[in-house]
Amino acid sequence: MSNSPDLSVSFAGLTLQTPLVLLSGCVGFGEEYTRVEGWDNRNIGAVILKGTTLEPRMGNAPHRVYETPSGMLNAIGLQNPGARYVVENILPNLPHEQTQFWANANGTSPEEYAEVARIFEDSPVTAIEINISCPNVKEGGVHFGNDPRMAARVVEAMRPHTSKPLITKLSPNSADIAETARLVIEAGSDGLSVINTLVGMAVDIESRKPVINNISGGLSGPCIKPVALWKIHQTRAVAAKHNIPILGQGGITNAKDAVEFAVVGADAIGIGTGLFYDPLMCGKLLDGLSDYLNRHNLGSYTELVGSLVTNKA
Amino acid sequence: MANHQGTIFEEQAEVLAHITHPGDQFVMRVKAPKTAAKAKPGQFVHLRVSDERALRRPISIMLTDPERGTVDLLYKAIGEGTRLLSERKVGDTIPMLGPIGEPFDLSDTSKRYILIGGGVGIPPMIFAADHLYGRGGDCVVFAGSEVEFPFALKPSATLLPGVNGNAILAIRSLEEREVPSRLASNAGLYGCYEGHVPNLARDYLAALSDEERKRCVLLSCGPHPMLHAVARVGREFDLPTFLSLEEHMACGIGGCAGCVVKTVENGEEKYRRVCVDGPVFPAELLPEFA
């Protein structure tokens, strides 16, 4: 056995140098984390940029974030400078030789999603994640994600406008995530992100006001990890049938978490809130993952994916 | 953006001292040589208070000793996170990100910096005064608290214009360096100005000659009602005013846009990140304080 197992993964036709994908909304537009000494983009398979709409959006009034037991709520509200600005002013300055950058497309109508896809088509992003499950905007977002047919319509609208892989981010809040997965795959989705945040709220008992100005927010962090694993498990069968990869995510903070996600069926591993615990967690996670693979005589991350042992057929 | 690369350090900060003061105030000295070497007044550190908590806590820097590699922090245990922090013992290590944020601009040697701090907003003022003292800068510190001040005090040997003679106490570490300071409190604390600290600063400014007052710049950190009052004083005397803000914060390095404040710049409303665009903002950009 080699001491360095192969951590590269193939995902929707792309080759990622590691299975770690930094999640949209946690890492700004790709450069913020380079502020931290010791940060290395080469630990990262891909960075998904902040959710982008056709026109600029200011985002929600504060408070936007609040800590909860083993997690946090957020309602940022898709603050972004608009797709054209991102393509013209941000993407040219990113270190594309160090890692890949993916867009995260948002809209209030299938037509707006399609226009965002068209704008990113002529850009160096290597894939486009479709956010049909943002819980924090009044129109679009999770409303598409909770209705499987609307979700599929968004993917259909975008598909003709881009040759890049489309990765649909599924909501854990929908009634039947496997059905949504099936419909978005049939509509042309090349990959799935599972899961987005759960919708939640918190109350300030002194003022009796919601802590988050938006009232509700997206719940993330280790508290949602069991839900994420189960949703991946539910999605895995339909995804595997169509040979569609899953970017598994939800509360991963260390190598043990990552192994659990891989075993259940995560072809790549999404890191979000975990960065707030430790911005340099990715290097440590990869070391731990390599140790695990060596200990189990596995030559690559890919061999681990979907290796869940169950008594049920 | 590129010039910010590698400016924030993740250090395992060892607790060297942790002292409890009245009113749930704590002064903590940690060993964090990289932060100590680079930190500037107005910047903060982001502490992981417990392995179980998802979010770190931003705490402003009160003083650094670059030679010994130490960083001093003052905080109040007011919520669960800061309570967990207060349980850390000497010898413990705390994962610490820092230094973070745009510092106060203290570069203009023709100015007198009026440093107005309230409660846990006092530390950046101590740091700014220390920085200015080392560079021959001109400043006056006004600090307000409703509980006993968490540092040594001594009667001041200097008179300050406009300041009631009963307000005789000063912060000892500043007094010993001949940096003038005065204290304000509504809690009837001996030797303090009775009232809110912005009023104490206002009395001082009103007593200056027009010529002297024009040189003044207001820098402030503290609770929002206090910052509102400081902004009013700044407007009354038409003085540049800079406020250090706080907001619920997640990443602390600009990635999540969780900790925003509304600004108006060239007529355009924006949400700016308190962590890396701030925490210091010109009051004139902040509609909440305009």
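The values are calculated or read from the model by the stated rules, or taken from the named source; none is laboratory data. As the structure is a prediction and not an experimental result, all values here were calculated from the model. Methodologically, a virtual Cβ is constructed for each residue, glycine included, from the backbone with ideal geometry; neighbour enumeration extends over all protein chains shown. Quick note on the areas: whole protein, heavy atoms, side chains included, nothing else; ligands and nucleic acids left out. Shrake-Rupley method; radii C 1.70, N 1.55, O 1.52, S 1.80 Å.
A few points about this structure:
- B:Leu189 being surrounded by 18 or more Cβ atoms within 10 Å (Cβ to Cβ) and under 17 Å from B:Pro22 (Cα atoms): yes
- Scope the range A:53-77; condition touching a residue at least 40 places away in the same chain (Cβ under 8 Å) and in a loop (DSSP other than H, G, I, E, B); matching residues: A:Thr53, A:Leu54, A:Asn60, A:Ala61, A:Pro62, A:His63, A:Arg64, A:Pro69, A:Ser70, A:Ala75, A:Ile76, A:Gly77
- Residue within the range A:78-85 that is more than 18 Å from the chain's Cα centre (by Cα), within 14 Å of another protein chain (Cβ to nearest Cβ), part of a helix (DSSP H, G or I) and under 14 Å from A:Glu55 (Cβ atoms) present: yes
- For the range A:11-26, the criterion of being of a type in the set (Ser, Thr, Tyr), at pLDDT below 95 and within 26 Å of A:Thr253 (Cα to Cα) is met by none of the residues.
- Pairing each residue of the range A:208-236 that is away from chain B (no Cβ under 14 Å) with any residue that is part of a helix (DSSP H, G or I) and β-branched (Val, Ile, Thr), provided the two are 6+ apart or on different chains, yields C-beta distances under 6 Å for A:Leu229/A:Val264; A:Lys231/A:Ile177; A:Ile232/A:Val264; A:His233/A:Val264; A:Gln234/A:Ile177; A:Thr235/A:Ile177.
- Under the condition of being of a type in the set (S, T, N, Q), under 20 Å from A:Gly71 (Cβ atoms) and touching a residue at least 60 places away in the same chain (Cβ under 8 Å), the residues counted in the range A:249-303 number 2.
- Within the range A:44-77, the set of residues being facing chain B (nearest Cβ under 7 Å), touching a helix residue (DSSP H, G or I) at 6+ places or on another chain (Cβ under 8 Å) and open to solvent by 40 Å² or more (accessible area, probe 1.4 Å) comprises A:Ser70 only.
- Among residues of the range A:173-184 that are outside any helix (DSSP H, G or I), those with a Cβ under 7 angstrom from a residue that is among the aliphatic types (A, V, I, L, M), sequence gap 6+ or separate chain, pair up as A:Asn173/A:Val142; A:Asn173/A:Leu198; A:Asn173/A:Val199.
- Filtering B:Thr109, B:Thr82, B:Thr64, B:Thr70 for residues that are open to solvent by 40 Å² or more (accessible area, probe 1.4 Å) and among the polar types (S, T, N, Q) leaves a single hit, B:Thr109.
- Residues that are in contact (Cβ under 8 Å) with a residue 24 or more places away in the chain and loosely packed, with under 14 Cβ neighbours inside 10 Å were ranked within the range B:201-213; the one that is nearest to B:Gly118 (Cα to Cα) is B:Ala206.
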